[in-house]
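In what follows, a structure is listed as structure tokens, so that the remarks can point back to it.
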Amino acid sequence: MTATKKRRNPFLAALLSLLAPGLGQIYNGQGALGIVFFLISLSLPFLGGASGGPRRFAGLVALGLAAVVFSLFIIIHAFVRARRIKDIELKKYQTPAVYAFLVVLSLGLSILVPTRTWMGFMGVSPYKIATGAMEPALHQGDLLMTDPKAYHDRAPRRGDLVVFQDPRDATKAYVKRVIGLEGDRVEIRDKQVFLNGEPIAEPTKVHLDSRVYAKDDTRPSVDSVRDNFGPLEIPAGHCFVLGDNRDNSLDSRHWGALPVANIKGRALYVYWAKDKKRIGLTPK
């Protein structure tokens, strides 16, 4: 029985590798190479996570560029190879059914696996700033990259910017600054924060409202804990968090100390923002 021979279409080879990395090589009869290219493409997020590169903005950009360059290499390689080879004997796996299966598998992984999951493989997690409570460090709408493993081997520190689940509603998440740790005694007097009886310097906070509300002011329109709070001794397993935009933030003044177990990560950098000058910014 004579083996079926067919020429390869360079444009089809390139298109197949665009739809599924390595599929163009399989179409060209290079099955082993195609599988290697496919596995390397799948492993890039894991390799990035192992290297720790995405925990820095430059590392995330470098990983993205590496993925683009590798994808282009696979596509061009498939195109050039298809142009060079003449009629080839088709192998058993070179069938439309196999091509369709691999395309569906590749596209399915891209669609069904959420972006947050792929980010998780890289050791980072995205978060969108929902309010202006952390201005000027973080602006509403900023896309923030966080380190979800930051506190797996250490406790939060004063000054850390942490992303956490709202203790009142686990479906919501916010970012605030850690002010006090367990065992600390926190008090606010006329907007000034005192930690263990001593006033602390807070170069990152802002007060956009010059009014000072008294602690015992019970008028419905007045936030009676905004400017005067406590004292509160932070219990074990908790911390005290505040927003930098101090007059416009719902934080530990309103719902108490934050359970450390609610913290889901530490802020790393802004990877996208309306103000393009803020992209890559590491909030202090």
Out of L39, L105, L72, sole residue that is among the hydrophobic types (A, V, I, L, M, F, W, C), surrounded by fewer than 14 Cβ atoms within 10 Å (Cβ to Cβ) and touching a residue at least 60 places away in the same chain (Cβ under 8 Å): L105
Residues in segment 252-284 that are in contact with a Gly (Cβ under 6 Å, 6 or more places away or on another chain), modelled with pLDDT under 95 and either buried (at least 20 other Cβ atoms within 10 Å of the Cβ) or not in a loop (DSSP other than H, G, I, E, B) (or both): how many? 0
Pairs where the first residue, in segment 1-19, is under 12 Å from R81 (Cβ atoms) and modelled with pLDDT under 90 and the second is of a type in the set (G, A, S) and assigned to a helix (DSSP H, G or I), C-beta under 6 Å, 6+ apart: R8/A82
Unique residue being assigned by TED's automatic domain parsing to the domain that holds G132, more than 30 Å from R56 (Cβ to Cβ) and hydrophobic (A, V, I, L, M, F, W, C) when the list is V260, V241, V175, V225: V225
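This table checks each residue for (1) outside the structural domain of K274 (by TED's automatic domain parsing); (2) at pLDDT below 90; (3) within 15 Å of the chain's Cα centre (by Cα); (4) not in a loop (DSSP other than H, G, I, E, B).
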{"residue": "A62", "(1), (2), (3), (4)": "yes, no, no, yes"}
{"residue": "V69", "(1), (2), (3), (4)": "yes, no, no, yes"}
{"residue": "L72", "(1), (2), (3), (4)": "yes, no, no, yes"}
{"residue": "I76", "(1), (2), (3), (4)": "yes, no, no, yes"}
{"residue": "F79", "(1), (2), (3), (4)": "yes, no, no, yes"}
{"residue": "R83", "(1), (2), (3), (4)": "yes, no, no, yes"}
{"residue": "Y93", "(1), (2), (3), (4)": "yes, yes, no, no"}
{"residue": "Y99", "(1), (2), (3), (4)": "yes, yes, no, yes"}
{"residue": "I111", "(1), (2), (3), (4)": "yes, yes, no, yes"}
Can you pull out the residues in segment 176-214 that are outside any strand (DSSP E or B), surrounded by 12 or more Cβ atoms within 10 Å (Cβ to Cβ) and within 32 Å of the chain's Cα centre (by Cα)? E182, D184, I200, E202, T204, K205, H207
Looking at (1) at pLDDT 95 or above; (2) under 20 Å from G159 (Cβ atoms); (3) more than 21 Å from the chain's Cα centre (by Cα), can you tell me which one A236 breaks? (2)
With criteria (1) surrounded by 12 or more Cβ atoms within 10 Å (Cβ to Cβ); (2) part of a loop (DSSP other than H, G, I, E, B); (3) at pLDDT below 95; (4) under 33 Å from the mean Cα position of the chain (by Cα), D217 comes up short on (4)
Just to verify a result, which residue in segment 113-137, among those that are among the charged types (D, E, K, R) and at pLDDT 85 or above, is surrounded by the most Cβ atoms within 10 Å (Cβ to Cβ)? E135
Of all residues in segment 128-158, which are more than 25 Å from G53 (Cβ to Cβ) and small (G, A, S)? A130, G132, A133, G141, A155
I'd like the residue in segment 147-195 that is among the polar types (S, T, N, Q) and touching a strand residue (DSSP E or B) at 6+ places or on another chain (Cβ under 6 Å) and, out of all such residues, is nearest to D244 (Cα to Cα). Q192
Check on K215, without any contact (Cβ under 8 Å) to a residue 60 or more places away in the chain and over 21 Å from K128 (Cα atoms): yes
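The values are calculated or read from the model by the stated rules, or taken from the named source; none is laboratory data. Given the structure is predicted, the values throughout are model-derived calculations rather than measurements. Note: ideal-geometry Cβ built from the backbone for every residue, glycine included; neighbour counts use all protein chains shown.
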